[in-house]
Amino acid sequence: MRFETPLIPAVLIRRYKRFLADCRLEDGREVTAHCANPGSMMGLAEPGMKIWLEPNDDPKKKLKYGWRLVEHADGHFTGVDTSVPNRALRAALEAGEISELAAYKTVRPEVKYGEKSRVDFLLQQDGLPDCYVEVKSVTLSREPGLAEFPDSVTARGTKHLGELANMAAQGHRAVMLYLVQRTDCDRFQLAADIDPAYAAAFASAYSAGVERLVLGTRITPQGVEAGAPVAAAP
């Protein structure tokens, strides 16, 4: 998935009201960018961080910049836009690039299922059980090399695990896919101390037959692509 317009570098001044970020461009101008991330963004919203913004000239949008990346001091990147994983994964699924799911040729995004829910992807193929795939963006890292989810309490995420477990009980295939939007992590685990209820829901869903798939990403200021599997803690 390539960004629609070239990203430009900036420095973060502050993030506030969850979805707003004041930033300073290289020419000294201060602008407000949309932050498409409802989580805590722990460790990713410190004033002075180098970030990358996507400008737009859409008259329907109040804000002319969207915050897409954090660039760390060691040159690694973290993607902070939670809408990016689905866009990147859709391209990978349609191209058959995710080996665990490559047998499915029909990829349907945002399909209604369960109780007033929409699954991120419904994969279908003659001769195979329908495959329900929920996607979560992973950006938290409190220990070098280790990515964690979630970064705040997520009642919605817990509900999704229950929906997946119900699909598995009905004989469908159900997959919880964590996309690690960091280039500096090669391991993954659940942050049970942040959201014990989510960790318990995952354990229950896993026991019910829900599969876990953790993928890394390739991130540059040009775009984000799904990468190789990431090792997950038991």
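The values are calculated or read from the model by the stated rules, or taken from the named source; none is laboratory data. Source: prediction; values computed, not measured. With ideal geometry, Cβ positions are generated from the backbone for all residues, glycine too; neighbour counts draw on all protein chains shown. Ligands, DNA and RNA are stripped out before the accessible areas are found, and what is left, the full protein with its side chains, is counted by its heavy atoms. Shrake-Rupley method; radii C 1.70, N 1.55, O 1.52, S 1.80 Å.
Note on residue 170 and residue 27: with the Förster distance fixed at 41 Å, the Cβ-Cβ geometry gives a FRET efficiency of about 0.15. When +1 charges are put on Lys and Arg Cβ atoms and -1 charges on Asp and Glu Cβ atoms, the dipole computed for region 88-138 relative to its Cα centre reaches about 200 debye. When region 173-214 is described by a simple charge dipole with +1 on each Lys and Arg Cβ and -1 on each Asp and Glu Cβ, the residue from 188, 199, 210 located farthest towards its positive end is 210. Considering only 167, 176, 42, the Gaussian network model of the chain with Cα springs below 10 Å gives its largest mean-square fluctuation to 42. Residue ranking by accessible heavy-atom surface, 1.4 Å probe, largest first, among 87, 156, 182 comes out as 156, 87, 182. Between 55, 150, 221, the GNM of the chain built on Cα springs shorter than 10 angstrom shows 55 fluctuating the most.
Take the Cα of residue 233, step 7 Å toward its Cβ, do the same at residue 125, and the gap between the two points is 3.3 nm. At an R0 of 22 angstrom, the distance between the Cβ atoms of residue 143 and residue 197 translates into a FRET efficiency of 0.50. Other residues within the sphere of radius under 15 Å centred on the Cβ of residue 29, judged by their own Cβ, net out at -2 (K and R +1, D and E -1).
Karplus-based coupling profile of region 53-70, in residue order and whole Hz: 10, 10, x, 8, 10, 6, x, 7, 9, 6, 9, 8, 9, x, 7, 10, 9, 10, with θ = phi - 60° in 6.51 cos²θ - 1.76 cosθ + 1.60 and x standing for Gly or Pro. Spin-label model, residue 46/residue 155: points 7 Å from Cα along the beta carbon direction are separated by 3.2 nm. Among residues other than residue 212 with Cβ under 12 Å from its Cβ, the summed charge is -2 (Lys and Arg +1, Asp and Glu -1).
Compared with the dominant Cα axis of the chain, that is its longest principal axis, helix 196-207 is turned about 40°. Count Lys and Arg as plus one, Asp and Glu as minus one, and take only other residues whose Cβ is under 10 Å from that of residue 15; the net charge is then +1.
Put a plus charge on the Cβ of each Lys and Arg, a minus charge on the Cβ of each Asp and Glu, and nothing anywhere else: the dipole of the chain about its Cα centre is then about 660 debye.
Between the entries (i) 14.5; (ii) 12.1; (iii) 13.1, the label attached to mean projected area of the Cα convex hull in nm² calculated for this structure is (iii).
If R₀ is 25 angstrom, what is the calculated FRET efficiency for the pair residue 56 and residue 118, using the beta carbon separation as r and rounding to 0.05?
Working: r = 26 Å, r/R0 = 1.03.
With R0 = 25 Å, the Cβ-Cβ based efficiency is 0.45.
Pairs with C-alpha atoms separated by more than 26 Å, drawn from the list 61/112; 60/159; 116/136; 17/62; 17/50; 50/136, are 61/112; 60/159.
Suppose the chain between residue 17 and residue 99 were pulled fully straight at 0.36 nm per residue; how much longer would it get relative to their current alpha carbon spacing? Full-extension gain reported as 25.6 nm. Computed about its Cα centre, the charge dipole of region 85-214 is approximately 320 debye, with only Lys, Arg, Asp and Glu carrying charge at their Cβ. The HN-Hα couplings worked out from phi for region 182-194 by the Karplus form 6.51 cos²θ - 1.76 cosθ + 1.60 (θ = phi - 60°) are 9, 9, 10, 10, 10, 9, 9, 8, 6, 8, 5, 6, 7 Hz, whole numbers, x standing for Gly and Pro.
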